[in-house]
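The values are calculated or read from the model by the stated rules, or taken from the named source; none is laboratory data. Since we're looking at a predicted model, the values are computed, not measured. Note: ideal-geometry Cβ built from the backbone for every residue, glycine included; neighbour counts use all protein chains shown. In case anyone asks, the SASA skips ligands and DNA or RNA and just uses the protein heavy atoms, side chains included. Shrake-Rupley method; radii C 1.70, N 1.55, O 1.52, S 1.80 Å.
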Amino acid sequence: MTKKLSLILALCTLSFAYSQETTTTNVPKRIYNTKRVTKAPTIDGLLDDATWNAVEWAGDFKEFMPDEGKEPKQQTKFKIIYDEKNIYVAVRCYDSEPDKIVNRLARRDSNDGDWVEVNFDSYHDLRTGFAFTVTAAGVKGEEAISQNGSNWDRSWNPIWYVKTNIDEEGWTAEMKIPFTQVRFSDQEEQVWGLQMHRNNFRENERSLWQRIPRDLPGWVSNLGELHGLKNIKPQKQLEIQPYTVGQTETFEKEVGNPFATGKRSSVNFGIDGKVGVTNNLTLDFTVNPDFGQVEADPSAIALDGFQIFQREQRPFFVENKNIFDYQVTQAQAGGPYTRDNVFYSRRIGRSPHGGTTAGSGEYVDRPGNTTILGAAKFSGKTRSGLSIGILEAVTQEEVATIDNNGSRREEVIEPLTNFFLTRLQKEYNDSNTLIGGIFTATNRNLTDTNITGIHNAAYTGGVDFRHQWKNRSWYVEGNMVVSKVLGSTDAIYNTQTSLRHNFQRVDASHVSVDPTRTSLTGTGGNIKIGKSGGGNFVFDSGVTWRSPELELNDMGFQRNADDITHYNWMAYRSLEPFSIFRRLQVNYNHYVSWNFDGDHTYLGINTNSHATFHNNWRTGFNIHYAAIDYTDSALRGGPLLRLPKSLDYNMYINSDQSKKVQFRIRGGQTKGEDNGFTRKYASMGVTYVPINSLNISVNASINSNMQELQYVTTSSGSPVSNSIPRYINASLDQDTFNLSLRLNYTISPNLSIQYYGSPFISRGRYTNFKYITNSLAENLSDRYHSYSNGQISYDSNSGSYFVDENMDTTTDYSFGNPDFSFIQFQSNLVARWEYIPGSEVFLVWSKGLTRSGDPMEDLLPSLGDNIFGQTAHNIFLIKATYRFML
């Protein structure tokens, strides 16, 4: 019945979309004619060089936001010229009140204040491009554009030059962009896509040279054109950037531990480079990379057993990451499966897999992360429209040193590992059709190691496609991946019984554990149809799946397997201001899931709305109802568990983000029927900009999580039978508090100081212990049996609970006290100086502290007692880089 209903809803969405189809606004492409010059202008922001007289000004910008197509409050004009090695852009941003221009200083890529941006589609493939942005204060920003504007990668850091100036007419910008920093063909006469984009910050108004109506899908395909580029030669890059870093660590001294002496120091060296192999293809490499200046991951705790997705922050892996991206499920409706990706770069350099044989009285020195010996990326795009991305990385064998009264031994805890990835995409039909593929390989050298339980090899291959029609308003796209993991019987047994797979479930007829297997092969994928333009109504509807044996986590990220989900997203959006709104959008989503055994595991319906008012305040709400919810992971290998039906509702309010004082408030609640669970959450953030060079931001959040069924452990047997395990649960009362402070002080666009500090505490108390009796019972109380006082007792000396189910005075099984209080404090103080373009000096002080508190203490007093006055782990480092451009 539910499958039929899903099909009916999907067909209704499709037919409604066709009935609402409107003709997209037809806007002719504007053309700017540039000229070659023999004398380069002086880049000072004044625009007074006679060289600029070689070309005419272009202007007549139109509003893009909020009132598309109207005349902007302030006009803009520009000129473009070029010589043998560079392209130059001059921009005049008129402003009738120049004293009100917002020229806030910030670090690179922080476009806070008035800014102007030039976009070049230098391949003229209508899909990719480069964006160069500068604020009125002279702060630079750059982005590599892909997927026709749906992906803007700020990690791209080219070498270019710009100056700005504020005068009585407004402000001006003068840019010099070397041809070595953009990629283009070797044609004698070229046409590039071109856009000039201005942001009037105080009015929250954006204007464009090439008008792009709001109902037109895409960005790059709608750019204007730059003509007049003749006989320019692609410049091959050769950039070498060596670095050196000196580091000192201080930490708590541990008596008797020869590895915890309270202090250690080190010096390290490495090199990064960029080589233009051809005019279209570039090789990036790094040898012995160091990421000491990277901010620590935010604190988090997960009680569901799944890994926490952490965003990539290391520069080498962040830059151009979109080239290697292969998201298994791209869905506007969202969902936990949208994180799944064939490539998750955090696997490279991860914490070691293996443990040690250290016993009582022995001390262990083990690295926190695996050392990356080297990595290389080969990427680019050929003239025929073939995009290429190849990545290779090698991490070294890691050992732990174990000390026993001065006698030491070493044990391998991570094998030498090679990671390889190839990503290809080919465009057809004027970039309306795209076909691609991906292949990844992870190979570990487990010879002469005692590491068991991990794969010695893992491979993934995939194909994907996208086709667009009706002026790119409609699309159909899909992908499929196949994974294969190989290893010892122990390794494959671990995979089969892991939380993602749970082959040991006694109630599942479609999976079972085979202890003799040495490989697993699985599939996953996504197929969908959607409409992204051509009127107010848009939608995205599809089906995604992961077979029970799919395993991506050696080089990718995958939350779970054994799932088939139909998702649907529909939205009605305003295309121009009306009534009290600058913009309004209303969304509807639904989700229907099954496992590969045919069990109907989920049915959820969602609606949400987001509004921007004329005063630039924003608000929104979200309501989500889960009518059916079953999980195969909550009992950690136990049977399918029925979860309570639930209703979630939340809302947010954001003030005008252009003001010196801004705030953000969010809150909501999720409640399960029969009081099965209640989650409440609230957060508030305040940003204060007292002067243009200083930005202070404080965010605080508090969460309350009350669960009637929270997994504790599984006993190996029961009084009934040693072969019948008990899935022990409890009532959970969990409170979490997090505070973060960010301070950014920018002395100049090339010299800044940043501070980040965040205390975190999560406390959980377990009561009313119980075991599962009928996991699928309709009533919550029928799903479990609560232990009586005579059946369970607690021994404070051992910190354990002892269970005597049949009360015959003999302990049937026991388990440890699961109460917890996890406390963490992390901070980073970073001073960065870009003393010449591309060359930097970092001064860094990182501070970290992790402790276990008393779960019986109140939340905030416990946080304070375990942070203040405690010895933290401090890292002081200085890192210097110098970029040679040859």
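Go through the residues of segment 762-772 one by one and say whether even a single one is under 25 Å from Thr631 (Cβ atoms), among the polar types (S, T, N, Q), over 29 Å from the mean Cα position of the chain (by Cα) and assigned to a strand (DSSP E or B).
For segment 762-772, residues under 25 Å from Thr631 (Cβ atoms), among the polar types (S, T, N, Q), over 29 Å from the mean Cα position of the chain (by Cα) and assigned to a strand (DSSP E or B): present.
In segment 300-314, is there at least one residue being part of a loop (DSSP other than H, G, I, E, B), out of contact with any Gly (no Cβ under 8 Å at 6 or more places or on another chain) and at positive phi?
Looking for residues that are part of a loop (DSSP other than H, G, I, E, B), out of contact with any Gly (no Cβ under 8 Å at 6 or more places or on another chain) and at positive phi, one finds at least one in segment 300-314, hence yes.
Which residue, of Arg202, Arg211, Arg206, is under 29 Å from the mean Cα position of the chain (by Cα) and among the charged types (D, E, K, R)?
When all the criteria are applied, what remains is Arg206.
Scan segment 678-696 and give yes if some residue there is among the hydroxyl-bearing types (Ser, Thr, Tyr), open to solvent by 30 Å² or more (accessible area, probe 1.4 Å), modelled with pLDDT of 95 or more and closer than 18 Å to Leu641 by Cα, otherwise no.
no
Can you pull out the residues in segment 44-76 that are of a type outside the set (D, E, K, R), within 23 Å of Thr34 (Cβ to Cβ) and within 38 Å of the chain's Cα centre (by Cα)?
Hits for segment 44-76 are Gly45, Gly59, Phe61, Gln75, Thr76.
Filter segment 24-52 for residues that are closer than 17 Å to Tyr88 by Cα, open to solvent by less than 50 Å² (accessible area, probe 1.4 Å) and assigned to a loop (DSSP other than H, G, I, E, B) and give the result.
Correct list: Thr34, Val37, Ala40, Pro41, Ile43, Gly45, Leu47, Asp49.
Look at segment 571-580 and say how many of its residues are touching a residue at least 24 places away in the same chain (Cβ under 8 Å) and open to solvent by 40 Å² or more (accessible area, probe 1.4 Å).
The qualifying residues number 4.
Looking at (1) open to solvent by less than 30 Å² (accessible area, probe 1.4 Å); (2) in a loop (DSSP other than H, G, I, E, B), find the lone condition where Thr447 falls short.
Tallying (1) open to solvent by less than 30 Å² (accessible area, probe 1.4 Å); (2) in a loop (DSSP other than H, G, I, E, B), Thr447 fails exactly one: (1).
Note down all Cβ pairs under 6 Å where the first residue falls in segment 404-433 and is touching a residue at least 24 places away in the same chain (Cβ under 8 Å) and surrounded by 15 or more Cβ atoms within 10 Å (Cβ to Cβ), the second is among the charged types (D, E, K, R) and part of a strand (DSSP E or B), and they're at least six residues apart or on different chains.
Listed by first residue and then by second, the contacts come to Ile413/Glu398; Glu414/Glu398; Pro415/Arg444; Thr417/Arg444; Phe420/Glu392.
Report, ordered by the first and then the second residue, all pairs with beta carbons closer than 6 Å, sequence separation of six or more or different chains, a first member in segment 495-524 that is modelled with pLDDT of 95 or more, and a second member that is open to solvent by 40 Å² or more (accessible area, probe 1.4 Å) and basic (Lys, Arg).
Thr521/Lys484
Taking the residues in segment 779-800 that are among the hydroxyl-bearing types (Ser, Thr, Tyr) and either open to solvent by 60 Å² or more (accessible area, probe 1.4 Å) or closer than 17 Å to Gly816 by Cα (or both) as candidates, determine which candidate is farthest from the chain's Cα centre (by Cα).
Among those that are among the hydroxyl-bearing types (Ser, Thr, Tyr) and either open to solvent by 60 Å² or more (accessible area, probe 1.4 Å) or closer than 17 Å to Gly816 by Cα (or both), it is Ser793.
Do we have any residue at all in segment 133-148 that's farther than 28 Å from Val27 by Cβ, open to solvent by 10 Å² or more (accessible area, probe 1.4 Å) and in contact with a Ser or Thr (Cβ under 6 Å, 6 or more places away or on another chain)?
So far as segment 133-148 goes, yes, one or more of its residues are farther than 28 Å from Val27 by Cβ, open to solvent by 10 Å² or more (accessible area, probe 1.4 Å) and in contact with a Ser or Thr (Cβ under 6 Å, 6 or more places away or on another chain).
Testing Trp171 on (1) outside any loop (DSSP other than H, G, I, E, B); (2) free of Cβ contacts under 8 Å to residues at least 40 places away in the same chain; (3) open to solvent by less than 50 Å² (accessible area, probe 1.4 Å), one condition comes back false. Which one is that?
(2)
Quick one: which of Ser721, Ser658 is part of a loop (DSSP other than H, G, I, E, B), more than 30 Å from Phe503 (Cβ to Cβ), at pLDDT below 95 and of a type in the set (Ser, Thr, Tyr)?
Result: Ser658 is the single residue among Ser721, Ser658 that is part of a loop (DSSP other than H, G, I, E, B), more than 30 Å from Phe503 (Cβ to Cβ), at pLDDT below 95 and of a type in the set (Ser, Thr, Tyr).
Report, ordered by the first and then the second residue, all pairs with beta carbons closer than 7 Å, sequence separation of six or more or different chains, a first member in segment 847-864 that is without any contact (Cβ under 8 Å) to a residue 40 or more places away in the chain, and a second member that is in a helix (DSSP H, G or I) and open to solvent by less than 70 Å² (accessible area, probe 1.4 Å).
Filtered contacts from segment 847-864: Leu849/Ile867; Arg851/Asn866; Asp854/Ser862.
Within segment 247-260, is there a residue that is within 30 Å of Pro837 (Cα to Cα) and in a strand (DSSP E or B)?
yes
Is it true that some residue in segment 362-381 is under 27 Å from Thr523 (Cα atoms) and surrounded by fewer than 18 Cβ atoms within 10 Å (Cβ to Cβ)?
No: zero hits.
Can you name the residue in segment 819-867 that is outside any strand (DSSP E or B) and under 22 Å from Gln754 (Cα atoms) and, of all such residues, is least open to solvent (accessible area, probe 1.4 Å)?
Gly838
Show me the strands (runs of 3 or more DSSP E) found entirely inside segment 119-159 where at least 1 residues are at pLDDT below 90 and on the phi > 0 side of the Ramachandran plot.
none
Being open to solvent by 10 Å² or more (accessible area, probe 1.4 Å) and either within 16 Å of Gly524 (Cβ to Cβ) or in contact (Cβ under 8 Å) with a residue 12 or more places away in the chain (or both) is the filter here; which residues of segment 596-605 pass it?
Within segment 596-605, Phe596, Asp597, Asp599, His600, Thr601, Tyr602, Leu603, Ile605 qualify.
What strands (runs of 3 or more DSSP E) lie completely within segment 177-237 and have 3 or more residues being at positive phi and at pLDDT 95 or above?
Passing ranges: none, list empty.
Of all residues being out of contact with any Lys or Arg (no Cβ under 6 Å at 6 or more places or on another chain) and not in a loop (DSSP other than H, G, I, E, B) in segment 542-556, which is surrounded by the fewest Cβ atoms within 10 Å (Cβ to Cβ)? Just the residue, please.
Out of the qualifying residues, it is Val543.
For segment 703-756, which positions are open to solvent by 40 Å² or more (accessible area, probe 1.4 Å), under 30 Å from Gly864 (Cβ atoms) and touching an Asp or Glu at 6+ places or on another chain (Cβ under 8 Å)?
Listed by number, the residues that qualify are Asn703, Met706.
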